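Asker: Quick one: structure below, then a few questions.
The values are calculated or read from the model by the stated rules, or taken from the named source; none is laboratory data. Values in this document were obtained by computation on a predicted structure and should not be read as measured data. Positions of Cβ are generated from backbone atoms using ideal geometry, with glycine treated the same way; all protein chains shown enter the neighbour counts.
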Amino acid sequence: MKQTTVNRREFLAASAALAAGPALATPVSAQTRGGGGERGGGAPAEPLVFKTKLQKALIARPTEQDLEQMKTAGFHGVEGRPMPPDEAAKIRAFADKIGMRIHSVTRGWAQFNDAAEAQPTFDVTAGALRTAEAFGADAILLVPCWIGARQGKGTPVAMPRPWEFQIEFDEKTGHLTRVVYADNARYADYIRAHNHATDTSREWVSKLIPLAEKTKVVVALENVTNQLWVQPALFNHFVRSFRSPWIKAYYDIGNHLRYAAPERWILTLGDILAKIHVKDYLLNPADPNGMGRSVNIREGSARWPVIRQALETVNYNGWMTIEESGSLSFDERSKRLDQIITGV
């Protein structure tokens, strides 16, 4: 991998430029950054050298054709979708043959806080663990539940805007005690639903631990747009409350950027980070609700050089799996992920 050279001032300048948005897609060249490899008084620039090793992946079902195209584009592996274990074993054999790894399985959304749906979604999740075992994967991605309206189900509840959250919670139970500075009465239904989701998710996810241990597959809980655990300290507390090496965090960089900076999430989660989804989100500074929109990687508000340094700080050695950015070719996605990994 080509070494990147950049001094501290240039690193901060690059970070500020990245926060500006679309210009991220075109990184500054090493020559422009380093001014010919020297700074102010002619001293050589300090290199960015990372000890942590990051591997590149995409999400796919996958097919043999997908695996070949991804490998050609420079990816090391793929995050698979649920499928019968015998089919997964055949795909794994082909992946092994060409030197690709199916490192995880996207289980997706469960509904453990719905009495009628909890057992069926538990059974599907157990099946995903067996699929992962057949793939040779070491984790599944699981969203344990959601609250509010989603996919035509559920009842909307009033919740704070992203910038309003000032969460306090009970360290023993993980229950919310406050979500905003002001009067919390307006959000009583949200607090009640959130606490119920925490309790039922903990109950059902705990039941997965014996199978996770048997299959040697981690259940990685994802921070996603399910209106739950929206700040780093709260999500960290929830994941660690299982006190099991088989329950960890699947951190998605773009999903909760509007609630807290990605580097803060990474530094907070630290050693419980199992996997990372690489995704971007462009904040709209004119939006009073503090929202924005999903965009291709390196075209949003994520400060990628800072994120790379945060991953180094917590000693994350693992997979960086691109989610979305589907309008870009495999080659372009691979190129942009290389830029992120090298810290530019």
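Asker: So, of the residues in the stretch 83-101 that are among the basic types (Lys, Arg) and surrounded by 12 or more Cβ atoms within 10 Å (Cβ to Cβ), which turns out to be farthest from Glu64 (Cα to Cα)?
Answerer: Within the stretch 83-101, the match that is farthest from Glu64 (Cα to Cα) is Arg101.
Asker: For the stretch 250-344, which helices (runs of 4 or more DSSP H) that fit wholly inside it have 2 or more residues that are touching a residue at least 24 places away in the same chain (Cβ under 8 Å) and not assigned by TED's automatic domain parsing to the domain that holds Ala73?
Answerer: 330-341
Asker: Can I ask one more? So which residues in the stretch 284-331 are surrounded by fewer than 16 Cβ atoms within 10 Å (Cβ to Cβ) and acidic (Asp, Glu), if there are any at all?
Answerer: Asp287, Asp331
Asker: Check the stretch 111-123 and report whether any residue there is in contact with an Asp or Glu (Cβ under 8 Å, 6 or more places away or on another chain), within 30 Å of Ala193 (Cα to Cα), of a type in the set (A, V, I, L, M, F, W, C) and modelled with pLDDT of 95 or more.
Answerer: Yes, the stretch 111-123 has at least one match.
Asker: Also, I was wondering about something else. For the stretch 112-126, which positions are in a helix (DSSP H, G or I) and over 20 Å from Pro245 (Cα atoms)?
Answerer: Answer for the stretch 112-126, where residues must be in a helix (DSSP H, G or I) and over 20 Å from Pro245 (Cα atoms): Ala118, Gln119, Pro120, Thr121, Asp123, Val124.
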